[in-house]
1. List the number of the failed condition for Asp153; all other conditions in (1) farther than 25 Å from Pro275 by Cα; (2) in contact (Cβ under 8 Å) with a residue 60 or more places away in the chain; (3) not assigned by TED's automatic domain parsing to the domain that holds Gly90 hold.
2. Only one residue in Ala653, Ala600 is over 24 Å from Asp1230 (Cβ atoms), among the small types (Gly, Ala, Ser) and at pLDDT 90 or above, so which one is that?
3. Just the residues that are farther than 23 Å from Gly700 by Cβ, crowded, with 24+ Cβ neighbours inside 10 Å and of a type in the set (Ser, Thr, Tyr), please, taken from the range 1030-1085.
4. Would you check if there is a residue in the range 243-259 being in contact with a Ser or Thr (Cβ under 8 Å, 6 or more places away or on another chain), at pLDDT below 90 and closer than 25 Å to Val318 by Cα?
5. Confirm whether Gly89 is on the phi > 0 side of the Ramachandran plot and at pLDDT 65 or above.
6. So which of Val960, Val974 is within 20 Å of Lys1021 (Cα to Cα), at pLDDT below 90 and of a type in the set (Val, Ile, Thr)?
7. What are the pairs with Cβ atoms under 9 angstrom where one residue, in the range 1212-1236, is farther than 21 Å from Val1046 by Cβ and the other, located anywhere, is in a loop (DSSP other than H, G, I, E, B) and β-branched (Val, Ile, Thr)? Sequence gap at least six, or different chains.
8. Out of the residues in the range 1205-1226 that are closer than 19 Å to Val1080 by Cβ and small (Gly, Ala, Ser), state the one that is surrounded by the fewest Cβ atoms within 10 Å (Cβ to Cβ).
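The values are calculated or read from the model by the stated rules, or taken from the named source; none is laboratory data. Computed from a predicted model, the values in this text were never measured in an experiment. Reconstructed Cβ throughout: ideal geometry from the backbone, glycine too, with neighbour counts over all protein chains shown.
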Amino acid sequence: MRTPLTPDPINRPSSARQPAAAARGGNPSEPLVGGPPQSPAAAGSSLVSLQRATDLQPRPGANTDDSPTIITPTRIAPPSDPDLALFAGGKLGQYELIDTVGTGGMAAVLRARDTELGRFVALKILPSQMARDPENVTRFKQEARAAAKLDHDNIARVFSCGEDRGLNFIAFELVDGDNLRTLIERRGTLPPEDCVRYMLQVAAGLGHAADRGVVHRDIKPSNIVVTPDGRAKIVDMGLARSLGSAGGSVNGGVTQSGVTLGTFDYISPEQAIDPRRADVRSDIYSLGCAFYHALTGRPPVPDGTAAMKLNAHQHKPVLDPRVLNPAVPDALAAILSRMMAKDPARRYQTPAELIAALTVIARGMHLAADGLPVDPTRQSADHAALSILPAPPRIPVGLVAGVAAIALAIVIVVAMSGPSREPVAPILSDLGTTGAGGKASPFGDLGQSGQPPSNTIPPPVAGDGTATSVDDFLRLLQEGAAEIKLINGKTYDLAASGQAAIYAGGPGKTVTITGPKAGEPPIIRVAAVPVDPSNPGGPRAGSLTFAGAKGVTLRGVRVDIADAAGVEPADHPAGVVVADVGLLELDECRFERDTDFKAAEAVGLIVTAREGPCELVAKNCFFGVRRGTEIRLSGRVWRADVTECMFAPHLAAFKLVAGEPGPSADVPPTDLKLTSCSFMLDHGAVIDATDGARADVSAGYCLFAAVPADPAAMATMTDPGDNHPVVLRCGGDKAAAIRFHGRPGMANVYYHTDPLALGRRTFTFTECKQQFAAASPVVDDEAVLAPQSPWAAADPVHDLTGDKPWKAFQLKTTLPAVRVRDKEVLVVGARWRKRADLLRVYEPWPPQTQEAVALPADKVWCPNPPPGVQGNPNYYDTLPAAIAALKPGDTLLIRHDGPLPVPETGLSGSKLNLTIRAFPGTTPILIPGPEMNRYDAGLFRLSEGKLTLEGLEFRLKARVKPGAVRSLAVVAVVAGSQCILRHCAVTMVEESSDAERLAAVVLTDPESEMRTGPGRGPEVKLENCLIRGRGRAVWVQKSRPFDLDVANTVTATFGPVIEIDPPDKAPAAGSTCQIRLDRVTSVLAGPLFDLQPGRADDGTKSPGWVPVEVETKRCVFVATEKAASPVAAIEGADPTALKSVFTWRHAGRANWYANFPPAAPFLTATPLEDAGLPKTLDADGWFALTGEKADESVGKVTFAAQIGTRKTVAITPDNVAAVAVDIPGASVEDAGAEVAKVAKPTTEEPSGEK
């Protein structure tokens, strides 16, 4: 659930101002009033999101709608009302104050509860300091009066205003959603369809306000909120003006002469001169500017000082939005032009006229009726739509000749007077020509066709970072430009130019090279030229090199690799070289060979680092060089993250080369992560490692599949040697220092592809285990071997030669092997992308499947069989009957939607190997059955064997039954069994007061089960799971040896995450509890580990725990406001000998301890009453115990939601996504669960929690 947005805490438009903390000289990131820190934008923007405060934080020099908006000779005092902090938890009038949302220069906003009506509101409070000026009080009350006149679905409502204890306040509606500015920052631009839908709704709200004599005067992206259901709402009436019948002011003359009100990026010319002149046409102008920003990704006047922006709004034309975003329809560009006319008389005169024009476009876009406002203003305007829509230009020949003559004269003058400061560019003209229906239109006459001529928009010119030619591109590279914009479909032929293209930005510089977001991508054609090993960043004729920069980004660009004259195939020529660059990002890019490319072997992209560490991030890309190597990594490339990419057949997708002059112990192995990638293999390898190369390669949801030239030969591809496709190839007869492994819960699919080749010998997975045992360089325990070709096309290689090669990667989605139970992923390999002309593997999405996804051998538990399956021998209407029919290795599918009671089901047998998952397309929620009365109950009771629960949701609600259960769990593990929960969501709704306890997994007392003989301990694995609510993730009733692996999991439990009770007997010598945590995000409403008091059930002193050994890496432990819980709580142990009971070490990358108060306890050790004094370890003591480093582990982390104020039962994986981190050297991806892979509950907050 998204957190509501609130009105602006400042009684004026937002500005690029400092928050209160900064104003008083403190740290701007410190909380202003209790709770997690607020970002500067959260403290002072016109809309404050409790979840996304950091999204609104302005960057230095950034163009935001927070520029100063009140210019007056009168000095406004800074905020200095610290007493506001004291009211949190108090009352104002009928409103109970809960917490502070934001404070600013003229007001503060608090979340409050209306004690009379029981609803939550945003309470805007005018501090007493500001109330000393009567004008401030008058303006504050005027805001309430203006908003009170309005009652419309597209305007945030005001409920009341009042005064208490000298403080004036206004109660506003809390609006749930994201403001338009946040959406723009997140997505760059918004689709025209969304913009038209939102503009219609905002125009309807403006029409309602205008009918009641109210002008908003501050329409801008941050004052337009879009709710989750797509409703656009206008908020913040801080500058609203009420007009009398004659247009005079009835607001008491608050707006004075000499005062400018508005926001510089969106203010109308007349409002900039005199705000009292603003009427609804001014709001229409600002609305046009706001959606110009949404469509193009930048405001109409993106740069300059406040005075320069005001001057531009009054006098300078605006760049045509179609130049910045060719996806903008001509008719929509024309509407924006008329909305943004300098002269109010040339704009739409009423919102009704604007709605009428937009309605025509909406109908042409086939927008759903439920996405448009149902408003009398719109309905009354529909009939006039066709006569009001302005027309794109048809420029008369005479006018063209005249403009050409003027342009020639300008060129002569410019040539004589020096370089121009303002580049000539296509503009939104303000010509007073006549459009359809005789209405004035700045774009001229549409003519009979109603369509604009094809040549109405000239190409952009250099001056704003746009390269219109290869010479421009070379110049911008040489100048070290921070941003280079390329033109749709244009080819920048570096190969033909013969010039060496080198980015000359130097250390500390970054460059972004982008193509437009729609249309055919621009092409950079480079020559495949050899690289000098001693100087890889040196010049190469006709090729492209980036050397020594801090960061390089290529987005929406196609790179074609061409032959270079005189280059021998043995030289291994390369197209693009990135040398000693800190970060290389590739997004929606294509690397392909030229049509007449003849070199036998080439490298598409080389990434090398000798001076310092380098990182590669590639997503949504296609690599089709084919002859040779797609990507070569060498030296200190410490991390490569490749997601949703497609690789055509190749010699090697990745060539891993040791650093020069050789491997070095101080160079960490490359961490290469492959996620949802598709690899076509005819005779090559995914990874080709040379001697000395070191890497850890992990893959999840990837497809490795052979594509022989002759489909008929598919079944005969068994010959060993270089021609057999493999995942990892090492040059010698011994495995290099390379490890390839599958990621837990993210199965990879292999078809006619072996995992390993050493020299000319290949190994199957079975042979790897036999030959290398635990030291195998390739391990993928969840590998799926496809029984037939997964490719949809009979000859996918042939499809690679077309203009849309990615379509060759379509899969047979009805093949069970390629289907994934994850609802968001659905199939392995690359799936689909948003750019229709760049990457769209499946259309429509999701890919179609058949009912026959369930394998014939699968048994199905279906309490209410649908028509057509009655009599099917694999269907069972009760769980016991289905269990009785299972054999070792079988899969049981549960076909049901919604809550489904489960009788306690006993599972045992040394050969038991059972997987239970949801039937495709269904969402069962498993709950305890009414007959569950065992003392220690579990939905599934595992005594022996292996049980895997996959893709299921569980909901446990404790019941008060005297003498009934003591514990209730999803799985009760009795003895030496193996239990796996994979991609499961477990919600524990409440815990009763009579000691009945809830847990996802409970390890029962083996003696109570009469199982006292020798045997190994249980094994428990939790992968990609969500465990939340009042209970535990794992409860060990009697300390004993066990193994626990938790990977990529989110826990939020009101209680310990892992609880271990003491045993009645002394543990066997040498026995241990092994616990491994990898990428776990834990919200600590209780301790992470809780070792309970060391007394046995009969009250005698316990003989001691089995020692607990914990290994962690890349975890995030989150402190909450409600409970300052330690990481570990040990009761009944000798505080002076903690390591005999509990040891902790971290492996690899650091854990994060997020938002811990300075004096927070990290470990508490409480001895029995007769065994000494308790001991508490603070952060320093904890890190001395664990060996971690505080400077790389402790700090503030901002999450997508305010974790501390949420009930644990309501926390979802999306809530704990890190959006900002204040830990030196850390980025949000470095630690914590990858939330996109964690199981999602069907509902955010089940009912019933107390």
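1. Tallying (1) farther than 25 Å from Pro275 by Cα; (2) in contact (Cβ under 8 Å) with a residue 60 or more places away in the chain; (3) not assigned by TED's automatic domain parsing to the domain that holds Gly90, Asp153 fails exactly one: (3).
2. Working: Ala600 fails: at pLDDT 90 or above.
Result of the check over Ala653, Ala600: Ala653.
3. Across the range 1030-1085, the qualifying residues are Ser1039, Thr1053.
4. No, the range 243-259 contains no residue that is in contact with a Ser or Thr (Cβ under 8 Å, 6 or more places away or on another chain), at pLDDT below 90 and closer than 25 Å to Val318 by Cα.
5. Numbers: on the phi > 0 side of the Ramachandran plot: yes; at pLDDT 65 or above: no.
So Gly89 fails the test.
6. Among Val960, Val974, only Val974 is within 20 Å of Lys1021 (Cα to Cα), at pLDDT below 90 and of a type in the set (Val, Ile, Thr).
7. Sorted first by the residue in the range 1212-1236, then by its partner, the pairs are Val1219/Val1228; Ala1220/Val1228; Val1221/Val1228.
8. Ala1226
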